[in-house]
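Scroll down for the structure; my scribbles are underneath it.
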Amino acid sequence: MKVLIAIPPEKFRDEELLIPVKKFQEAGVTYELASTHVGVVMGVLGKKAKVNRTFEDVLLSGIDDYYALMIVGGPGTQVHLWNNRHLIELVTIFNTRQKVVAAIDNAPIVIAKAGILKKKIATVAPGLTVREMMKEDAIIQNKPVVYKDRIVTAMGFEAAEEFASIIIKYEKGNPEFVPTSGKAGFAF
């Protein structure tokens, strides 16, 4: 199973792609990049990435090969992804099929706009993004990474390593379940 990485066609936050990709490679997790168009995309710090799939292409061919959708943040995310109907549809489908939906920095706005963060805890980069999340009825926590119900949100590039680790843990099982010493998984 793979991670589908959604990236804006320009001005993505370099570390929010590079750090998770490095962690995925170390863990043996495969991934593919998708955007609004195919070709080379450039980050705000000058790193480049090659995109081979569009969001529409993924919608047409299906998501069976993926266990997670990860959305990269950055200035380009606000401009190109926040209101991208194909990406919002992908978020909805991944969530409906109980696959992991993850977003970092200002990208959790896309998840919120898909309607799956209503009355759910999440985190986002500080600033105007908090207001955008609250418009969508998300419950904001001031933590680097928040994950529950297969939805993972992270504040920014400083949390990229922990963010990627949680996504990897979902591939191996469910990091939300903590075994207890009590009967039937309940602590007494």
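The values are calculated or read from the model by the stated rules, or taken from the named source; none is laboratory data. Here the structure is a predicted model, which is why all the values come from computation and not from measurement. Cβ atoms come from the backbone with ideal geometry, glycine included; neighbour counts cover every protein chain shown. Areas reflect the complete protein model, heavy atoms only, side chains present, ligands, DNA and RNA absent. Shrake-Rupley method; radii C 1.70, N 1.55, O 1.52, S 1.80 Å.
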Among all residue pairs at least 6 apart or on different chains, which show Cβ distances below 6 Å where the first residue, located in region 107-119, is farther than 18 Å from residue 72 by Cβ and open to solvent by 10 Å² or more (accessible area, probe 1.4 Å) and the second is in a helix (DSSP H, G or I) and at pLDDT 95 or above?
116/95
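For (1) in contact with a Leu (Cβ under 7 Å, 6 or more places away or on another chain); (2) under 17 Å from residue 89 (Cβ atoms), each residue gets a yes or a no:
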| residue | (1), (2) |
| --- | --- |
| 30 | no, no |
| 34 | yes, yes |
| 44 | no, no |
| 48 | no, no |
| 54 | no, yes |
| 62 | no, yes |
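Out of all the residues in region 8-29, which are more than 16 Å from residue 163 (Cα to Cα), of a type outside the set (Lys, Arg) and either outside any strand (DSSP E or B) or open to solvent by 10 Å² or more (accessible area, probe 1.4 Å) (or both)?
In the first step, residues of region 8-29 are kept if they are more than 16 Å from residue 163 (Cα to Cα); the result is 8-12, 28.
Narrowing further to those that are of a type outside the set (Lys, Arg): 8-10, 12, 28.
Once the filter is applied, which keeps residues that are more than 16 Å from residue 163 (Cα to Cα), of a type outside the set (Lys, Arg) and either outside any strand (DSSP E or B) or open to solvent by 10 Å² or more (accessible area, probe 1.4 Å) (or both), region 8-29 yields 8, 9, 10, 28.
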Filter region 54-70 for residues that are in a strand (DSSP E or B) and in contact (Cβ under 8 Å) with a residue 40 or more places away in the chain; the one that is most open to solvent (accessible area, probe 1.4 Å) is 67
Which residue is nearest to the chain's Cα centre (by Cα), if the candidates are limited to region 147-174 and must be among the polar types (S, T, N, Q) and open to solvent by 10 Å² or more (accessible area, probe 1.4 Å)?
165
When region 120-139 is checked residue by residue, the ones that are out of contact with any strand residue (DSSP E or B) (no Cβ under 7 Å at 6 or more places or on another chain), over 13 Å from residue 156 (Cα atoms) and part of a helix (DSSP H, G or I) are 128, 131, 132, 135
Within region 140-159, the count of residues that are of a type in the set (Asp, Glu) and in a strand (DSSP E or B) comes to 0
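Can you report the number of residues in region 10-35 which are closer than 22 Å to residue 110 by Cα and within 16 Å of the chain's Cα centre (by Cα)?
Initially, region 10-35 is screened for residues closer than 22 Å to residue 110 by Cα, giving 10-21, 31-35.
Then keep just the ones that are within 16 Å of the chain's Cα centre (by Cα); that gives 12-21, 31-35.
So the answer is 15.
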From the set of residues in region 30-53 that are without any contact (Cβ under 8 Å) to a residue 24 or more places away in the chain and not in a strand (DSSP E or B), which is nearest to residue 162 (Cα to Cα)?
52
